[in-house]
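I have placed the structure first, in the form of C-alpha cells, so that the comments after it can refer back to it.
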Amino acid sequence: MDYPGLAMSRPLRIEYPGACYHVMNRGLADHPVFIDNRDFRNFLSLIEDAWRRWHIRVFSWCLMGNHYHVALQTPEGNLQRVMRHIDGVFTQRFNRTHNRDGPLFRGRYRAILIDADQYLAAVVRYIHLNPVEAKKVSAPQNYPWSSHRHYLKPESAPEWLSLSETLSSYRNPLAFHRFVLSGNDKLLLKFYSRGKRPPVLGDEHFAATITQDGYSSDSEHARYETTSFRPGIESVLKTVARVYRVSEKDLLSGRRGQRNEARHVAMYMTRELCGISLGEIAQTFHLQSHGGVGSACSIIGGRVGKDRDLRRRIQEIRARIRDKYCQKKT
C-alpha cells in the first residue's frame, strides 16, 4: 500500500462536493484547548451544529488536551466555511468560559484530503489510537472523548456520527475493533510523520484526478467559488438539463412516489450556487414548503460521497457553469 500524497510547495485548500478530510488543529504554543468537560462538550456541540447547518458527515473524532482530530465529509464542498464556524465559535466560547481573550489555535486548521474508498478506515483507526499513542489510556475504548466507543456500541452513537461507511467493510463492530487494536500501518505513520505533510492521502490516480480537476485554492475553480459571482437559476436549470438530457420542465415538476435524481440535483446545485433562500427555491420548483428542498439536498448530499457517477455529474455541472463564467470574464 502506498501513501504518495502530493508534493506541494505550500498547503492547498482542496474543496469539492463530497470530499472527505482528516482535519486537525493544535493550541497556540501547544497550550491546552480542552481544559474541562465543558470544553469537550462545547466542541462536540459545534460539530453537531455544523452537521445540521451544512449536512456534513462525521466519521470519527478524538479530542486531546491540546489538539483535536476529526474525519468528515463535506457534501456541499465547503470545508473552509464549516471549520471557520467550528474553530471560531469554539474560541469565543473557550475565552468566555476561561476568562481570556486572543487566538486559541496555532493557526488555521490542517486538512488532509482522503481517498475514502481506500483509506477512510485507516484514518479512523489512526484517530482512535491517538490517546493510546499518547499513553493516556491503554485501550482506545477507554478514552471518553473519542468516537471509538460508539463504534463498539453503535446504538450509543449520536445521530450525527456516520458509522456505516467504515463498519460496512467489517463483519461486525468487534471485527473493526480488532482492526484498530492491530495498530497503525507503518506507511501511514510515515505519511503522518513527514515535516511538510502533503495535503492528499490517496494513490497516484486519485491525486492526479484532483489536480486535473483543479480543485484547489490556486485553481480557476476556487476563484470561481470565492468571487461574488452567482449564476442565475436559469443557468443552473439549463446546465442540469443538458447533463441529464432532460427538459427543464422535467426538473421543475415532480411526481409523487417517483424518484427524480435530476430534479434533486437541480435543487442541490441551485442552493449551492445561486445564494437564494430555501423558500425561493421551493417556489421555483413548485413545492409547498422549503422542507422538500432540504430533503432533496440531504439525499444528494448523502449520496455524493459514495456514488461516483453522481459525483461526476455534479462536477460536470459545476465545470460547465464555471467555464461559462470564465468566458464571460475574459
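Checking residue 218 against (1) in a loop (DSSP other than H, G, I, E, B); (2) modelled with pLDDT under 90; (3) assigned by TED's automatic domain parsing to the domain that holds residue 45, which single condition isn't satisfied?
(3)
Do you know which of the residues in region 32-59 that are under 18 Å from residue 142 (Cα atoms) and out of contact with any Leu (no Cβ under 8 Å at 6 or more places or on another chain) is surrounded by the most Cβ atoms within 10 Å (Cβ to Cβ)?
Once the filter is applied, the top-ranked residue is 41.
Let me spell it out: the conditions are (1) charged (D, E, K, R); (2) surrounded by fewer than 18 Cβ atoms within 10 Å (Cβ to Cβ); (3) at pLDDT below 90, and residue 185 meets all of them except one. Which number is the exception?
Exception for residue 185: condition (3).
What tally of residues in region 141-153 results from selecting those that are surrounded by 12 or more Cβ atoms within 10 Å (Cβ to Cβ) and among the charged types (D, E, K, R)? Before the answer, list the steps.
Of region 141-153, the ones surrounded by 12 or more Cβ atoms within 10 Å (Cβ to Cβ) are 141-143, 145-152.
After this cut, where a residue has to be among the charged types (D, E, K, R) as well, the list is 149.
The number of residues fulfilling the criteria is 1.
Residues to consider are 272, 261; find the one that is at pLDDT below 80, within 22 Å of residue 55 (Cβ to Cβ) and outside the structural domain of residue 118 (by TED's automatic domain parsing). Can you show your working first?
Values: 261 fails: at pLDDT below 80.
272 is the lone residue from the list that is at pLDDT below 80, within 22 Å of residue 55 (Cβ to Cβ) and outside the structural domain of residue 118 (by TED's automatic domain parsing).
Does region 134-150 hold any residues that are part of a helix (DSSP H, G or I) and over 18 Å from residue 47 (Cα atoms), and which are they?
Listed by number, the residues that qualify are 140, 141, 142.
Take region 97-133 and flag every residue that is crowded, with 22+ Cβ neighbours inside 10 Å and among the hydroxyl-bearing types (Ser, Thr, Tyr).
119, 126
Residue pairs, Cβ under 7 Å, 6 or more apart or interchain, first in region 157-182 and over 23 Å from residue 133 (Cβ atoms), second charged (D, E, K, R) and outside any loop (DSSP other than H, G, I, E, B). List them.
Sorted first by the residue in region 157-182, then by its partner, the pairs are 158/48; 160/48; 162/57.
Would you be able to say whether some residue in region 77-96 is hydrophobic (A, V, I, L, M, F, W, C), buried (at least 22 other Cβ atoms within 10 Å of the Cβ), touching a Ser or Thr at 6+ places or on another chain (Cβ under 7 Å) and not assigned by TED's automatic domain parsing to the domain that holds residue 269?
yes
Output the residues belonging to region 61-111 that are part of a loop (DSSP other than H, G, I, E, B), more than 17 Å from the chain's Cα centre (by Cα) and closer than 23 Å to residue 131 by Cβ.
Once the filter is applied, which keeps residues that are part of a loop (DSSP other than H, G, I, E, B), more than 17 Å from the chain's Cα centre (by Cα) and closer than 23 Å to residue 131 by Cβ, region 61-111 yields 64, 65, 66, 98, 104, 106.
Please note which helices (runs of 4 or more DSSP H) are completely contained in region 247-316 and include at least 2 residues that are without any contact (Cβ under 8 Å) to a residue 24 or more places away in the chain and of a type in the set (Asp, Glu).
Values: elements: 248-252, 261-274, 278-284, 291-304.
In region 247-316, the matching helices (runs of 4 or more DSSP H) lie at 248-252.
So if I check each of 168, 156, 138, 162, which one is of a type in the set (S, T, N, Q), surrounded by 11 or more Cβ atoms within 10 Å (Cβ to Cβ) and in the same structural domain as residue 43 (by TED's automatic domain parsing)?
162
The values are calculated or read from the model by the stated rules, or taken from the named source; none is laboratory data. In this text the structure is predicted, and so the values were computed from the model without any measurement. All Cβ positions, even for glycine, are placed from backbone atoms using ideal geometry, and neighbour counts span all protein chains on display.
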